[in-house]
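Notes follow once the structure below has been shown.
The values are calculated or read from the model by the stated rules, or taken from the named source; none is laboratory data. Please read all numbers here as calculations on a predicted model, not as lab measurements. In this analysis, Cβ positions are derived from the backbone assuming ideal geometry, glycine residues included, and neighbour counts consider all displayed protein chains.
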Amino acid sequence: MIIDCHAHIKGGDDAKREFTADELLQQMDEAGIAKTCVFAMSLPSRESNDLTARRIKGHEDRLIPFCHIVPTEGDLALDELDRAVGEWGWKGVKMHFGEFLQQASLETLAPTLDKLSSLKVPLLVDTGYKIDVARPMVEKYPDVTFVIAHFGAPQNHPIMAQWARLAKVLPNCHLDSSYCHTPWKMPEAIAVAGADKVLFGTDAPLIHPLIEIAKIRACHLTKEDEEKILWRNAARVFRLS
């Protein structure tokens with residue numbers, strides 16, 4: 001069993017590419033992935049969630065939709081949380097600091113985080129290397145479960161190490177393994193954070209899941225720890241059957 005906690009219907013790459021369910025499912029089948037958590041981004045909140053809902057239709061048994069929000073939209077973002085999480089029952093929320101990087105602050109994020117706390121829904125967040133904003137965010141909202149994308153920093157292993165230490169001591173802080181450009185640091189980060197705190201992710205379909213699975217396997221984990229990372233932790237955090 002493998003669960004991918006991080007894949008795109010619409011990407012955040014320079015081309016802002018969109019993907020079909022068939023493209024995702026083909027890669028999942030090639031890599032032996034049972035379920036993948038998917039979202040769109042690089043669009044306004046409502047538009048991105050409508051795109052995700054259209055693309056996963058008929059594949060809800062394998063493609064698990066996450067609500068995408070842009071906090072700087074204010075009440076519009078909060079309305080999307082009520083719609084996608086409250087009405088549709090989506091299992092997670094995706095936020096990317098890169099979409100509002102110059103405005104990223106606790107003050108900007110507070111209404112969204114208050115709503116997440118009340119909805120009891122986990123947040124998968126790409127912090128855009130802004131640990132100065134993201135760390136106090138995680139510390140101030142212990143009732144929100146955070147999954148910090150890309151070990152917190154795809155290409156900056158000192159920040160990656162800081163997030164590993166935070167995941168170890170903060171019960172609500174988890175890390176996803178996707179798109180890590182310093183894979184030689186992954187065993188150390190997993191050892192520090194603890195295998196219970198790391199979720200497998202890929203950034204598919206831009207990154208083929210087989211590549212990301214190989215990075216996990218190269219960590220030479222125990223069978224129990226590998227299973228935690230490849231699927232058990234995601235099933236627990238996002239309450240997936």
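Structure summary
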{"item": "Yes/no for Ala31 being more than 28 Å from Phe100 (Cβ to Cβ), surrounded by fewer than 23 Cβ atoms within 10 Å (Cβ to Cβ), among the hydrophobic types (A, V, I, L, M, F, W, C) and more than 17 Å from the chain's Cα centre (by Cα)", "result": "yes"}
{"item": "Hey, Leu25 within 24 Å of Leu240 (Cα to Cα), in contact (Cβ under 8 Å) with a residue 24 or more places away in the chain and surrounded by fewer than 17 Cβ atoms within 10 Å (Cβ to Cβ) or not", "result": "yes"}
{"item": "Filter result (under 22 Å from Val237 (Cα atoms) and in a helix (DSSP H, G or I)) within the range 132-153", "result": "Ala134, Arg135, Pro136, Met137, Val138, Glu139, Lys140, Ala149, His150, Phe151, Gly152"}
{"item": "Qualifying residue in the range 176-192 (condition: free of Cβ contacts under 8 Å to residues at least 40 places away in the same chain, within 23 Å of Lys120 (Cβ to Cβ) and in contact with a strand residue (DSSP E or B) (Cβ under 8 Å, 6 or more places away or on another chain))", "result": "no"}
{"item": "Residue within the range 142-153 that is surrounded by fewer than 15 Cβ atoms within 10 Å (Cβ to Cβ), at pLDDT below 95, under 21 Å from Val198 (Cβ atoms) and of a type outside the set (Val, Ile, Thr) present", "result": "no"}
{"item": "Subset of the range 70-105 that is of a type in the set (A, V, I, L, M) and touching a strand residue (DSSP E or B) at 6+ places or on another chain (Cβ under 6 Å) - its residue that is farthest from His174 (Cα to Cα)", "result": "Ala84"}
{"item": "Selection from the range 224-241 of residues that are of a type outside the set (Phe, Trp, Tyr), more than 13 Å from the chain's Cα centre (by Cα) and surrounded by 21 or more Cβ atoms within 10 Å (Cβ to Cβ)", "result": "Lys228, Ile229, Leu230"}
{"item": "Matching option when the condition is in contact (Cβ under 8 Å) with a residue 60 or more places away in the chain, of a type outside the set (Lys, Arg) and either within 20 Å of Leu199 (Cβ to Cβ) or assigned to a loop (DSSP other than H, G, I, E, B) (or both), among Asp14, Asp4", "result": "Asp4"}
{"item": "For Lys91: the one exception among (1) crowded, with 16+ Cβ neighbours inside 10 Å; (2) over 29 Å from Met160 (Cβ atoms)", "result": "(2)"}
{"item": "Residue within the range 190-201 that is more than 11 Å from Asp4 (Cα to Cα), of a type in the set (Lys, Arg), within 15 Å of the chain's Cα centre (by Cα) and buried (at least 24 other Cβ atoms within 10 Å of the Cβ) present", "result": "yes"}
{"item": "So Glu30, is it of a type in the set (D, E, K, R), touching a residue at least 24 places away in the same chain (Cβ under 8 Å), in a helix (DSSP H, G or I) and over 21 Å from Lys215 (Cα atoms)", "result": "no"}
